[in-house]
Amino acid sequence: KRIDFEDYIRSLGNELYRTYAVNPNINMEIDLQEGLILDVDTAIPLGLIFNELFTNTLKHAFPNNKKGTIRVSFHKIDGNYQLIVEDDGVGLPEEFKLEESDSFGLRLVDALTQQIDAKVDLDTSQGTKYVITFKENM
């Protein structure tokens, strides 16, 4: 089984935004490459990763109705897939490490990225930016 991941991420992102965006000052920008079809064994863990990162951003990046933007992108570049979830919110501490997080959700993200043999790059210099890079195993 294969899933149109562009359509899936767009639908999931919009649904999560409607559900959790109680702050009207949060904008969402989505940049998704069309026609990216993933095997279900990759799409399900990646969807769970996206769900956790996007939900955390909506809940924590913009306290006290702070204005900001969440950006989501998914592209295939040089044979690798890349999912990016980023925001210009309050950010994480500079010394934050995903694999050492006390958050169950972020520990789940770490485990799921290992499951799909993905690399996670975290940039906290201006808000929070997660870059998940992987090759699809078929």
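The values are calculated or read from the model by the stated rules, or taken from the named source; none is laboratory data. Keep in mind it's a predicted model, so treat the numbers as computed, not measured. FYI the Cβ positions are ideal-geometry reconstructions off the backbone, even for glycines, and counts take in every protein chain you see. Ligands, DNA and RNA are stripped out before the accessible areas are found, and what is left, the full protein with its side chains, is counted by its heavy atoms. Shrake-Rupley method; radii C 1.70, N 1.55, O 1.52, S 1.80 Å.
For the stretch 63-68, what does the Karplus curve 6.51 cos²θ - 1.76 cosθ + 1.60, with θ = phi - 60°, yield as ³J(HN,Hα) per residue in whole Hz, taken in order and with x for Gly and Pro?
x, 6, 6, 4, 7, x
On a 0 to 90 degree scale, rounded to 10, what angle separates helix 104-115 from the longest Cα axis of the chain?
20 degrees
Near LYS67, which lysines are there with a Cα under 16 Å away, not counting those fewer than 8 places off in the same chain?
Filter leaves LYS59.
Name the most mobile residue of ARG107, ARG71, ARG18, meaning the one with the largest mean-square fluctuation, in a Gaussian network model of the chain with Cα contacts below 10 Å.
In the Gaussian network model the winner is ARG18.
Roughly how many percent of the accessible protein surface of the chain is carbon and sulfur, given a 1.4 Å probe and a whole-percent answer? Write down the numbers at each step before the final one.
On the way: 3480 of 7750 Å².
Roughly 45 percent, rounded to a whole number.
Which of the lysines could a cross-linker bridge to LYS66, judged by Cα under 21 Å and excluding same-chain residues fewer than eight apart?
LYS129
Reachable lysines from LYS135, Cα under 28 Å, same-chain residues fewer than 8 places away excluded?
Within the straight-line cut-off, LYS135 pairs with LYS1, LYS76, LYS97, LYS119.
Could you report the chain's accessible area per residue, 1.4 Å probe, as an integer in Å²? Please report the intermediate quantities before stating the final value.
Values: 7750 Å² over 138 residues.
Per residue, the chain has 56 Å² of solvent-accessible surface.
Using a 1.4 angstrom probe on the protein heavy atoms only, line up HIS60, HIS75 by accessible area, largest first.
Numbers: HIS60 120, HIS75 50 Å².
Final ranking, largest accessible area leading: HIS60, HIS75.
Between the helical axis of 5-20 and the dominant principal axis of the chain, each derived from Cα atoms, what acute angle in degrees is found, rounded to the nearest 10?
The angle comes out near 20 degrees.
Just checking my list (1) 16.1; (2) 17.8; (3) 15.2 against Kirkwood radius over Cα pairs in Å computed from this structure; which label fits?
(3)
Before rounding to the nearest 500, sum -39500 (n - 2.57) across all DSSP H runs of length at least 4 in the chain and divide by the residue total; then give [θ] at 222 nm in deg cm²/dmol. Display every interim value, and only then the final one.
Values: 3 runs with 49 residues, N = 138.
Calculated mean residue ellipticity at 222 nm is -12000 deg cm²/dmol.
Please name whichever of GLY68, LEU46, GLN33 sits farthest to the positive end of the charge dipole of the chain, dipole taken about the Cα centre and charges placed at Cβ: Lys and Arg +1, Asp and Glu -1.
Towards the positive end, the residue furthest out is GLY68.
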